[in-house]
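First comes the structure, then the notes that go with it.
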Amino acid sequence: MSAVKRIRVPNRLAAVVRKPGGKTIAEAVAGAEANLEAIRDDCVAAVDAILAAMVELSTVLKAMPTPEHLSQLYDLSDEMIGVAAIANLPAVGHAAFSVCELVDAFTESGAFNWDAVAVHLNGLKLLRAMGDQLDEAAREQVLDGLRAVVRRVGAVEG
């Protein structure tokens, strides 16, 4: 009978992890925040471009509220949610989320309400234009109004 010969292969990843040095969690977070700060202005510009595309789409949507146009509005709103977070515009992101909920309500009910879309677009424009000039309570009041519109559309037409 032959003996079993075991060969131990060193784990290179474990060796690297055990070596001193590298970044601490605080350093990694600070680096990530610095990287986000570097692209923040581009993200704010992207939010403005998305909002302009939403306003342009709204003119088509008002005349012809097709499922394709609603889907485009949803996609633009969804994109705005992520970009607004990086741009440090949380209220704009919440309003964009409300647009997504509104489109979902339209899709579920099979109905369309142009006024609800117009209110959301105006809310987005207000939150973007006024931004830091509005205090937290005023921003929350705008967002609460948008949420109420979504609830009403869902309740009346759903």
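Applied to segment 109-121, the Karplus parametrisation 6.51 cos²θ - 1.76 cosθ + 1.60 on θ = phi - 60° returns per-residue 3J(HN,Hα) values of 8, x, 10, 9, 9, 4, 4, 5, 5, 4, 4, 5, 5 Hz, with x for Gly and Pro. Within the chain, the longest run free of trypsin sites (Lys or Arg not before Pro) that sit in a DSSP loop with at most 10 other Cβ atoms within 10 Å is 24-158.
Annotation: average projected area of segment 39-106 is 4.0 square nanometres, based on the convex hull of Cα atoms across all directions.
For segment 123-132, putting each phi into the Karplus relation 6.51 cos²θ - 1.76 cosθ + 1.60 with θ = phi - 60° gives couplings of x, 4, 5, 5, 5, 6, 6, 7, x, 6 Hz, in residue order, rounded to whole numbers and with x for Gly and Pro. Paramagnetic label reach from Asp41 (point 7 Å along Cα→Cβ; backbone nitrogen cut-off under 14 Å): within segment 70-106, no residues. Working from label points 7 Å from Cα in the Cα-to-Cβ sense, the Ser71 to Ser109 distance is 2.2 nm. Going through (i) 13.3; (ii) 17.6; (iii) 12.4, the figure that equals mean projected area of the Cα convex hull in nm² as computed for the structure here is (ii). The calculated FRET efficiency for the pair Val17 and Asp48, based on their C-beta separation and a Förster distance of 30 Å, comes to about 0.10. For segment 12-21, putting each phi into the Karplus relation 6.51 cos²θ - 1.76 cosθ + 1.60 with θ = phi - 60° gives couplings of 5, 5, 4, 5, 5, 5, 7, 5, x, x Hz, in residue order, rounded to whole numbers and with x for Gly and Pro. When the chain is treated as a Gaussian network with alpha carbon springs shorter than 10 Å, the biggest mean-square fluctuation among Gly21, Gly123, Gly145 belongs to Gly21.
Per residue, the average separation of C-alpha pairs within less than 8 Å and at least 6 apart gives the chain a relative contact order of 21 percent.
Each reported figure results from applying straightforward, stated rules to the coordinates on display, with no laboratory input. Remember, predicted model here, so these are calculated numbers, not experimental data. Virtual Cβ from ideal backbone geometry, glycine too; neighbours counted across all protein chains shown.
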